[in-house]
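Beneath this line is the structure, given in structure tokens, with notes to follow.
The values are calculated or read from the model by the stated rules, or taken from the named source; none is laboratory data. Since the structure is predicted, the reported quantities are computational estimates derived from the model, not experimental observations. Every residue, glycine as well, gets a Cβ built from its backbone with ideal geometry; the counts of neighbours run over all protein chains shown. Heads up: the accessible areas ignore ligands, DNA and RNA and are worked out on the full protein's heavy atoms, side chains in. Shrake-Rupley method; radii C 1.70, N 1.55, O 1.52, S 1.80 Å.
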Amino acid sequence: MRNTRAHGHIKRTVAVYGLGYVGTVTAGCLAAEGHHVIGVDVDNGKVDLINGGKSPIREPGTDAIIAEAVASGRLQATTEAFGVSTRADLSIICVGTPSARDGRPDYQQIERVCRTIGLDLPRDRRHVVAIRSTILPGTSRDLIVPALERASKMDAGVGFGLAHIPEFLREGSAIEDYLNPPQTVIGADDEETSALLADLFSQLPGPKVRVPVEIAEAVKLSANVWRALKVSFANELGAICKGVGIDSHDVMDVFFRDTRHNISASYLTPGYAFGGSCLPKDTRGLAFLARREGVSAPVIDSILPSNRDHVLRALDTVIDLGHRRVGVLGCSFKPFTDDLRESPIVELIERLIGKGYEVSVYDPNVQAEALVGSNRHFTLERIPHISSIMVPDLETLIERCDLVVVGTNDPRFAALPSLVRDDQTIVD
């Protein structure tokens, strides 16, 4: 084992299990940064290529990095897994997790590697096992930690460290993505493990985001699915625009210019369903346009059903808590407006009343007698009895209910936790 310091950066011995796209790039780049890397793979062909100074994958830049790393003695590869972790400071698992027919990830390769590493863990010093393979949230807790603990007879966080370090490498630009990441996510549940990995990646630009293991697992999956969703949405929109003779690239060129709402973190905070006079109506309109032009648009078609399911999840949450007197804070579709049109909170209120719940509502923005136009028409049609369930202030609402549903993030509701009784429940 080698462990030296150069320019404030500790040079470590790193075992990389799995020499596919992620493993080869990770091994090559770590070796280029001065670490001693041992690559492990069951494929003799991959191992022979690396030991011959050649990359086993076709990826710009990897041939040069592998050749230099092998020539310098900082990178070697083997098919003999036992004994590798004993010589290393940390092990990085990069094996594949292919999908089964039902979408379930196949973790057999990870389990085998974990058993090998567990049997091989050094006893005289603390070793870190870092997962770089893409896995579902909770997999480290439910599968990886138990496998390592059974094989090693040691406890995670004590005898060895466990981490998840997701990669965001795109094929065709993987070296560039590794060397210039927008951020490096380090998932670890103990400070010693987190600090070691932060130092390992300290030469990379961008922030080192240190989070619990399960957050890191979820971030990787979320990023990939979000990118898939963006591609699918853009392609469906392109097909619809083509159907009506519009250049979709011109549309998106204008769309991209709005970095406050369209290309930003706006509308990406998990919360409650959307509503109002615009989003539902325009989503229906675009879905209609697709049908009219004979364009299949399953992503766009699924938006409103998905939104409705979120309302039903909220309803189930309230029902499962078992309280019959329910207070609702905020009934407009968002704070600082009295617009009740297609408000998902109004739908929740309607469903609760329909099931016999005693509902009280407080919204400082809404005065039933002051509603006008289409907003008044919608309200009188959907909840004509709104005046009878509205209360004048927060304190009155709390007196009348056993469960408080916070429907909007109005800052005027911030005092709620200090006002409720011990026997009351808040659903935000």
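Scanning segment 211-245 for residues that are β-branched (Val, Ile, Thr) and within 18 Å of ASN262 (Cα to Cα) yields a total of 2.
Residues are listed down the side, and each one gets a yes or a no for (1) modelled with pLDDT under 95; (2) open to solvent by 10 Å² or more (accessible area, probe 1.4 Å):
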residue	(1), (2)
GLY103	yes, yes
ILE117	no, no
GLY161	no, no
ALA174	yes, no
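Meeting the requirement of 3 or more residues that are under 23 Å from TRP226 (Cβ atoms), the helices (runs of 4 or more DSSP H) wholly within segment 87-189 are 174-179.
Yes/no matrix, rows are residues, columns are (1) in contact (Cβ under 8 Å) with a residue 60 or more places away in the chain; (2) in a helix (DSSP H, G or I); (3) closer than 25 Å to GLU395 by Cα; (4) under 27 Å from the mean Cα position of the chain (by Cα):
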{"residue": "GLY285", "(1), (2), (3), (4)": "no, yes, no, no"}
{"residue": "PHE288", "(1), (2), (3), (4)": "no, yes, no, no"}
{"residue": "ARG291", "(1), (2), (3), (4)": "no, yes, no, no"}
{"residue": "VAL318", "(1), (2), (3), (4)": "yes, yes, yes, yes"}
{"residue": "PHE336", "(1), (2), (3), (4)": "yes, no, yes, no"}
{"residue": "LEU340", "(1), (2), (3), (4)": "no, no, yes, no"}
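Among the residues of segment 235-249, those that are surrounded by 10 or more Cβ atoms within 10 Å (Cβ to Cβ) and small (Gly, Ala, Ser) comprise GLY238, ALA239, GLY243, SER248.
Taken over segment 29-46, the criterion of being outside any loop (DSSP other than H, G, I, E, B) and within 34 Å of the chain's Cα centre (by Cα) is satisfied by CYS29, LEU30, ALA31, ALA32, HIS36, VAL37, ILE38, GLY39, VAL40, LYS46. Counting only residues that are open to solvent by 20 Å² or more (accessible area, probe 1.4 Å) and in contact with a helix residue (DSSP H, G or I) (Cβ under 9 Å, 6 or more places away or on another chain), segment 176-190 holds 3 of them. Among GLY172, GLY103, which is out of contact with any helix residue (DSSP H, G or I) (no Cβ under 9 Å at 6 or more places or on another chain) and closer than 20 Å to LEU19 by Cα? The unique qualifying residue is GLY172.
Taking the conditions (1) within 20 Å of ASN180 (Cβ to Cβ); (2) modelled with pLDDT under 95; (3) not charged (D, E, K, R) in turn, ASN3 satisfies each one other than (1). Hey, could you check segment 168-201 for residues that are in contact with a Phe, Trp or Tyr (Cβ under 8 Å, 6 or more places away or on another chain) and of a type in the set (Asp, Glu) and say which is farthest from GLU33 (Cα to Cα)? Going through the qualifying residues, I end up with GLU171. Contact annotation: residue pairs with Cβ atoms under 6 Å, 6 or more positions apart or on different chains, pairing a residue in segment 139-167 that is on the phi > 0 side of the Ramachandran plot and touching a residue at least 12 places away in the same chain (Cβ under 8 Å) with a partner that is assigned to a loop (DSSP other than H, G, I, E, B) and charged (D, E, K, R), are GLY157/ASP190.
Summed over segment 351-369, residues that are open to solvent by 50 Å² or more (accessible area, probe 1.4 Å) and part of a helix (DSSP H, G or I) total 4. Only one of the numbered conditions (1) at pLDDT 90 or above; (2) loosely packed, with under 12 Cβ neighbours inside 10 Å; (3) under 26 Å from PRO270 (Cα atoms) is not met by ALA415, and that is (1). So, in segment 250-282, of the ones that are of a type outside the set (Gly, Ala, Ser) and touching a helix residue (DSSP H, G or I) at 6+ places or on another chain (Cβ under 8 Å), which residue ends up least open to solvent (accessible area, probe 1.4 Å)? Looking at residues that are of a type outside the set (Gly, Ala, Ser) and touching a helix residue (DSSP H, G or I) at 6+ places or on another chain (Cβ under 8 Å), I get PRO280.
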